[in-house]
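In what follows, a structure is listed as structure tokens, so that the remarks can point back to it.
Since every read-out is calculated from the coordinates, none of them should be taken as a lab result. Here the structure is a predicted model, which is why all the values come from computation and not from measurement. Because the Cβ atoms are built from the backbone with ideal geometry, glycine has one as well, and the counts that use them run over all protein chains shown.
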Amino acid sequence: MKKQFTSILFILLLSLLAFHSANAQAIATNPEARIKELGIKLRTPGPPSANFLGAVRVGNLVYLSGQGPLKEDGTFMIGKVGKEFNFDEAKYAARLTGINLLESLKAEVGNLNNVKRIVKVLGMVNAVPEFDNHSQVINGFSDLMVEVFGENGKHARSAIGLGSLPRNIPVEIEMIVEMKD
């Protein structure tokens with residue numbers, strides 16, 4: 001009886017792993033559909049506010065300029081983490097910044113299904129000196145990339161705290177993306 005139970009448990013575990021793997025592969029192969037499933041609406045980004053580009057392609061890599069949490073009404077979230085924003089609000093700001101970066105990426109490459117993987121991310125958090133959860137704030141961004149791209153959304157990352165950011169935004173993130181050939 002114990003042997004049968006162990007065999008059944010093993011088969012169930014293998015089935016669960018196969019389902020998870022197939023689901024992760026489906027996410028990775030159709031980020032456009034996944035964005036819709038998540039209820040995310042990507043807008044067309046406006047031009048940069050100064051003499052630089054929002055994205056630059058070099059070979060099969062796309063370098064995206066740093067962006068902040070631009071809200072649906074076209075205004076930025078403004079304030080310092082640990083003062084105007086608590087941890088959960090800051091993590092939401094990082095997620096919103098991720099959506100803004102996806103908008104810029106889509107504007108540059110046309111179809112997010114052509115993304116091979118998210119390669120490298122730099123997350124900057126505008127925080128009071130006592131705040132020390134910078135990397136956990138940037139998890140709001142990283143979690144979104146995995147939700148959209150599956151395993152291909154996992155990336156190398158740096159997260160740092162700063163005394164200020166442009167326009168007093170709470171988070172700024174830049175990323176490097178590899179495209180399929």
Rounded Å value of the spacing that divides the Cα centres of segment 45-85 and segment 129-181: 12
Contour excess over end-to-end distance, with Cα ends at Glu130 and Asn60 and 0.36 nm allotted per residue: 21.2 nm
Ordering of 35-42, 46-53 by packing [mean C-beta count within 10 Å, highest first]: 35-42, 46-53
Nitroxide proxy distance, nm - points 7 Å out along Cα→Cβ at Arg43 and Lys154: 3.4
Extended-chain gain in nm, criterion 0.36 nm per residue less alpha-carbon gap, Lys116 and Asp181: 22.5 nm
Inter-label distance, nm, simple model (7 Å from Cα along the C-beta direction), Lys36/Ala107: 2.3
Cα-Cα over 25 Å, subset of Lys41/Lys83; Lys120/Lys180; Lys71/Lys91; Lys106/Lys180: Lys41/Lys83
Percent RCO, i.e. relative contact order, over segment 30-179, from Cα pairs under 8 Å lying at least 6 residues apart: 35
